[in-house]
Amino acid sequence: MILEMLRKGPNHLIRLRHPRLLTIDHPLEESNDCLAFATEPVTIGLANILGNYDNLPSPLPLTIKEYEVHPIEIQYGLYNLSEALEFLHCGVKLMHGNITPEVVVVTAGGTWKLMGFNFCCHSQYQSETTTTFQFQEWDSRRPHDTNPSLDFLAPEYVLTKSCSEKSDVFSFGMLCYSVYNGGRPLCSSLNNLLSFKQNVETISRVTESGLGEVPHGLRTLVRTMLAVEPSVRPDAMEISKHAFFDEVGVATLRYLDTLYEKGDMERSQYFRKPGSCHHKTSKESNSPEGNSGSKTRIQKQQDGSVCPCPSFF
């Protein structure tokens with residue numbers, strides 16, 4: 001069972017192609033003692049940024065130890081992940097099933113990408129109002145790594161033994177909370193089903209003011225994503241179109257990401273336009289805070305560029 005699950009993740013990534021999903025450069029190979037595959041260059045994992053170094057050697061590499069993230073990068077990174085969810089749910093009718101900091105990586109180019117499809121499942125039945133997914137139930141008798149993380153799992157998995165795309169939305173809401181609160185989920189279940197059920201009651205009573213350091217512009221969305229009732233949660237398309245992901249900085253990065261697709265005339269008009277996002281962010285970078293953020297971004301790009309070969313897992 002463990003081997004099947006380990007194969008499932010990279011095999012799905014090979015078939016799924018999207019700018020917000022980690023790219024597999026060399027397919028899965030097996031030997032008597034290991035499974036291996038190669039990906040595009042990866043600088044760091046989101047879990048590492050949040051202080052979890054369990055998968056890294058000691059002492060920590062300097063580029064990991066000194067890695068910093070500017071708030072606009074977090075904002076744009078979460079937007080990238082919402083695009084990945086929109087592709088999975090609307091494009092290929094696939095549910096990820098285990099969205100946690102451990103399945104998000106930052107590439108050498110600074111893009112946040114989704115991986116870790118070990119628990120994904122395809123839709124089995126679809127009507128105008130509902131989509132049914134066949135999934136593996138959480139089972140305390142199985143090894144820890146063969147179950148999705150209870151700390152990020154939607155309540156319906158355990159309470160009603162059902163799931164849908166909205167289950168991923170709950171997990172994404174918990175991820176957003178975790179990113180802004182030092183990597184901690186809203187409630188910790190300690191891999192215990194009884195604690196999980198008790199935490200559902202706690203989550204149902206949480207208000208926007210109880211979301212810790214989550215930015216005010218994101219709190220309403222996060223609280224709605226964490227609704228215990230799946231039908232109350234937004235879908236992936238509504239998330240990516242939220243006003244928090246349409247602010248000036250995010251809009252600028254989104255445009256720059258697609259700049260190579262634009263014609264010379266369109267690029268020229270954009271950079272000359274007085275009211276463009278480019279001009280606004282240039283003014284912001286003149287402030288001490290803006291300069292600090294700019295230095296951080298440039299330094300990280302230099303760090304990422306020293307990774308000339310693919311990452312191996």
Checking the conditions here, which among Leu46, Leu56, Leu28 is within 23 Å of Pro185 (Cα to Cα) and either at pLDDT below 95 or touching a His at 6+ places or on another chain (Cβ under 7 Å) (or both)? Leu56
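Listed here are the residues, each with its yes/no results for (1) closer than 21 Å to Leu85 by Cα; (2) hydroxyl-bearing (Ser, Thr, Tyr); (3) modelled with pLDDT of 90 or more.
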residue	(1), (2), (3)
Gly173	yes, no, yes
Asn199	no, no, yes
Gly217	yes, no, yes
Val228	yes, no, yes
Met237	yes, no, yes
Phe244	yes, no, yes
Lys273	no, no, no
Lys280	no, no, no
Go through the range 200-211 and give me each residue that's loosely packed, with under 14 Cβ neighbours inside 10 Å and outside any helix (DSSP H, G or I). Arg205, Thr207
Taking the range 199-249 on its own, how many of its residues are β-branched (Val, Ile, Thr), within 17 Å of Leu175 (Cβ to Cβ) and out of contact with any helix residue (DSSP H, G or I) (no Cβ under 6 Å at 6 or more places or on another chain)? 4
Scan the range 140-150 and tell me whether some residue there is in a helix (DSSP H, G or I) and of a type in the set (Asp, Glu). yes
With the condition kept exactly as written, say whether any residue in the range 134-154 is modelled with pLDDT under 90, in contact with a strand residue (DSSP E or B) (Cβ under 9 Å, 6 or more places away or on another chain) and surrounded by fewer than 19 Cβ atoms within 10 Å (Cβ to Cβ). yes
Hey, does the range 113-122 have a residue that's crowded, with 20+ Cβ neighbours inside 10 Å and under 22 Å from Val232 (Cβ atoms)? no
Please tell me if Arg184 is assigned to a helix (DSSP H, G or I) and either buried (at least 20 other Cβ atoms within 10 Å of the Cβ) or basic (Lys, Arg) (or both). no
Within the range 152-203, the residues that are β-branched (Val, Ile, Thr) and within 14 Å of Phe133 (Cβ to Cβ) are Thr160, Val169
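The values are calculated or read from the model by the stated rules, or taken from the named source; none is laboratory data. Predicted, not measured: the structure shown is a model, and the values here were computed from it. Glycine gets a Cβ as well: all are built from the backbone with ideal geometry, and neighbour counts include every protein chain shown.
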